[in-house]
Each structure stands twice: as structure tokens, then as C-alpha cells.
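What follows is a short report on a single structure.
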Amino acid sequence: MRIATIGTSAITSDFIEEINASDRAVFVGTLSRDLERAKAFTEARGGSRPFTELEDLAASNEVDAVYLGSPNALHASQALACIAGGKHVIAEKPLGANEREARAVFDAAEKAGVVVLEAMRPLHDPAFVAVRDLTRNLGRIRRADLHFGKYSSRYDEILAGKHTNIFDCAMATGSLMDIGVYTVEPLIELFGAPESVLAAPVLLDEETRGLTHGPLDGSGVIIARYADFVATLHFSKITNDRLPSQIESETATLTFDGISVPTWARVEHRGTAVRAAAKQVHVEEGARTEDLELPQVPNTMVYELSDFCDAVDAVQAGSDPLDAPAGPFGNVRHYRDVTLASLALMDEARRQMGVSFPADALASDAPEAGER
């Protein structure tokens, strides 16, 4: 499969690294509005065809599929252009600035008979599959806490009074969209959509709004309520969250690190609770602990690329795109539904936070095409 990319970010380079290591895909070239930048980026990674116009890429008979590594606000318009050109699309998370945009992309792909897949790494990673399997064996779940927070070097630019796409409402960014999504989508995959959510943001200081084009979340917490348990999602781009994630049942507690790239897990099975005096340490008779190392590779994008290739191969063999296998959790339809449910949750969370994007305006407003 011949793949072109849009965007010249580090994440795009990581994806191209896996394309070049694969015997199922070939890197064609990248799109940049700056020709010299497109040439340099393409040639340095073994490609042969730089692009400067989205329309040329979408119409190119040298390209079968496109990877979108551009800013969030551009994913939908770029995907729609590529779909119109008959290209399969794998897009960085989130697929759109909101649920409406993503739904329009999926609808267009269904009509065109092509695959659209969101590049949500943990949902293609065997390590997260192991987390899912452990969760299924915990017993009755009562509480979950999912954590992902890391200080962004781009926040230093904001503090220095400089603009950056990474903190910009016009680019549909912020801590929830860029970091929190890694807690939202695993939540949806493990437990489905919650009955309700309550969001509490930490907004960037008001004096930054000339740079961010409106109120924007630097970190936050979402409480997701289910019929018989509750989950909290913790995310940040302005602090480092050192806590692992935890899922608690009435009989055991699962702890694991790195929600985006899990590497280890621990299951602590509860014993029989023993009453203790106030000055004594809590004791349980018969408690036991399992420590597990999860599957690891240097670059987990290898899994999403492989699953994307599987889906495209199935379509080329005659499968309906929505029925094509797309990873360990199901077919393209399943991954589509997780993406849409996740964006619906984030839309509501942003509404409560007071964070809005241009794409949240009237449905007739279309995002403009472009690249990072």
C-alpha cells in the first residue's frame, strides 16, 4: 500500500518509520505548503513525491492511502478531500474537532467505499488488550481512575507570550483533545459510553487568550457516571501526572502504567477483610498479588499501521469497509463507534468547561484545509 502523509511533526516521522520497516506499505511523500520543506522531509525519509497542494495529493494515482498528522482542526477537511479522491485514511486522534465533523468523515467514507481509521494507539496495542482481559476477570467494577498528564514544552512558549498550535482553540487543541483523549477512548472501549459526565477544567490564565483565541484547558478532570460504578479521567499538558491508572472491583484492584502505552500491570486480589483497631494497619487474610509485564515494542504505531493495512486489504478483497477487520477490538464499524462516542463525551465536557472551537459553530461552517 502506497501511503502519503500530511504534516511534518515528530508523530508523523514515527509513523513513517513504521511504514519504512513494513513489507506491506511504502512511503510516497509528504504534504507541506512549503515546497522546500516538503522535499526535505520526504527525501530524508526515503520518499519520492513531495506535495504542496492537498488537491494534488488527493488526486494522485501514486497514492493509495493518507496518514493525517496535521493539527486537529484540519483532520476532517483533509480527510474529506482524500476520501473524495478515493484514498483510504488513517488520522491522528482526534479524528475531528467534534462528533459532527467525525460523523461527516465516516459517512463520506462509507459512501466512497474506503477505510477511515483513527490512529488511537492503545486500542491497537496488545498491551492494552491484556489490560482489557484483566479487567474482564476482576469481578464487579465499582471505580476506575485513568491518568495521563505530561508537561508540554509548548506551554513554555505560551508563558513567553508566543503563539503555538498546541494551545489554540482555532486548532481544536488543549489538554482534553491532545492528552485527555487517551483516557476517554480507553474508557469507552472498556466500559462503553457513560450515563453522564461532569467536567472540571483548569483553564489557562486569562491573559493568554489573545494567543489561544479563547478559553482553553491546560488540565482537567472528568467524572464519568455509570449505572453501578464511577470513573474519573485525569489529564494535563501543564503538569506531570506520575500516578498509574487503576480499576477497582469488589474483589480485586488492577493497576497499570502509561495509559497510552501500557508496560506493566498489577492485580491485587482482596482477601478476607479483618477488623482492626484505629492504630493498626488494615489487614486482609488470603490477599495475593500478581505482577505482569505487558508486551512492548519500541514504536507502538506498528500495530495501528498493521491493522490499517489489514482493513484496506480486506476491502480490496471485496469486504464492505465497515465490516473489515481493524484490530483486536473489532472491525472498522466498531472503531468508528468508539471514536464517535468518545468525541460526543468530549463535546459535552468542553461545553461544561466553556471551551469552544470554530468547528462547534453551525453545521454549514466547514473547516479549512491546510497542514502544520
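Suppose R0 equals 35 Å. What FRET efficiency, 1/(1 + (r/R0)^6) with r the Cβ-Cβ distance, do residue 157 and residue 43 give to the nearest 0.05? Write out the running numbers ahead of the final one.
Values: r = 29 Å, r/R0 = 0.82.
Computed FRET efficiency for residue 157 and residue 43 comes out at 0.75.
Classify the range 106-186 as rounded, prolate or oblate from the Cα gyration tensor: take a ≥ b ≥ c as the square roots of its eigenvalues, call it rounded if a/c is under 1.5, otherwise prolate when a/b beats b/c and oblate if not.
oblate
Can you list residues from other chains, or at least 5 along the same chain, whose modelled amide H is less than 5 Å from the amide H of residue 119?
Close amide H contacts, sequence-distant or interchain: 91, 92, 93.
Compute the normalised compactness of the range 297-366: alpha-carbon radius of gyration over 2.2 N^0.38 Å, N being the residue count.
The value comes to 1.48.
Quick one: angle between helix 75-84 and the longest Cα principal axis of the chain, in degrees between 0 and 90, rounded to 10, please.
Helix 75-84 and the main axis of the chain meet at about 50 degrees.
Does a label point 7 Å from the Cα of residue 198, set along Cα-to-beta-carbon, have any residues of the range 232-258 with amide nitrogen under 18 Å, and which are they?
232-235, by backbone N distance to the label point.
I'd like the orientation of helix 301-316 relative to the chain: the angle between its Cα long axis and the longest Cα principal axis, in ° from 0 to 90, rounded to 10.
60 degrees
Quick one: which of 136-145, 241-250 comes out on top by average Cβ neighbours within 10 Å, and what's the full order, highest first?
241-250, 136-145
Could you tell me what fraction of 2.2 N^0.38 Å the Cα radius of gyration of the chain comes to, as a two-decimal ratio?
Numbers: Rg = 21.4 Å, N = 372, 2.2 N^0.38 = 20.9 Å.
Here the answer is 1.03, to two decimals.
Each residue of the range 176-183 in turn: what ³J(HN,Hα) in whole Hz from Karplus with 6.51, -1.76, 1.60 and θ = phi - 60°, glycine and Pro shown as x?
The phi angles translate into 5, 5, 8, 10, x, 4, 6, 9 Hz.
For the range 175-323, what's the radius of gyration and Dmax over Cα atoms, in angstrom?
20.6, 68
Based on the mean of other Cβ atoms within 10 Å per residue, sort peptides 201-211, 288-298 so the most packed one is first.
Values: 201-211: 15.1, 288-298: 12.5.
In descending order of packing, they fall as 201-211, 288-298.
Spelling out what I want: for every residue of the range 97-113, take phi, set θ = phi - 60°, compute 6.51 cos²θ - 1.76 cosθ + 1.60 (Karplus), and round to whole Hz; glycine and proline get x.
Each residue's phi maps through the Karplus curve to give 6, 7, 5, 4, 4, 5, 4, 4, 5, 5, 4, 5, 5, 4, 5, 7, x Hz.
Taking amide H positions as placed in the peptide plane 1.01 Å from N, state which residues far from residue 230 in sequence (5 or more) or on other chains have amide H under 5 Å from it.
143, 144
Sort largest first and round to whole Å: the equivalent ellipsoid semi-axes of the range 1-52, each the square root of five times a Cα gyration tensor eigenvalue.
Ellipsoid semi-axes (Å, largest first): 17, 11, 8.
What spacing in nm lies between the two simple spin-label points modelled at residue 223 and residue 207, each 7 Å away from Cα in the Cβ direction?
Calculated label separation equals 3.3 nm.
Using 7 Å Cα-to-Cβ label points, what is the residue 62/residue 242 separation (nm, one decimal)?
Roughly 5.0 nm, to one decimal.
Return one number: the angle in degrees, 0 to 90 and rounded to the nearest 10, between the long axis of the Cα atoms of helix 35-44 and the longest principal axis of the Cα atoms of the chain.
Result, in degrees: 60.
So what is the calculated 222 nm ellipticity per residue for the chain, using -39500 (n - 2.57) for each DSSP H run with n of 4 or more, over all residues, to the nearest 500 deg cm²/dmol?
Numbers: 11 runs with 123 residues, N = 372.
The helix contribution divided over the chain gives -10000 deg cm²/dmol.
Residues with amide H under 5 Å of residue 168's amide H, sequence separation 5 or more or different chain, H placed in the peptide plane at 1.01 Å from N; which?
173, 174
Output ³J(HN,Hα) for the range 6-14: one whole-Hz value per residue in order, computed from phi by the Karplus curve 6.51 cos²θ - 1.76 cosθ + 1.60 with θ = phi - 60°, and x for Gly and Pro.
Running phi through 6.51 cos²θ - 1.76 cosθ + 1.60 with θ = phi - 60° gives 10, x, 10, 7, 5, 5, 5, 4, 5 Hz.
Can you pull the one-decimal nm distance between simple spin-label points at residue 107 and residue 250, each 7 Å off the Cα toward Cβ?
Distance between the two pseudo-spin positions: 4.4 nm.
Any read-out appearing in this document is the output of simple, stated calculations on the displayed coordinates, not a laboratory observation. Since this is a predicted model, take the numbers as computed values, not measurements. Quick reminder, even Gly has a Cβ in these numbers, built from the backbone with ideal geometry, and neighbours come from all protein chains shown.
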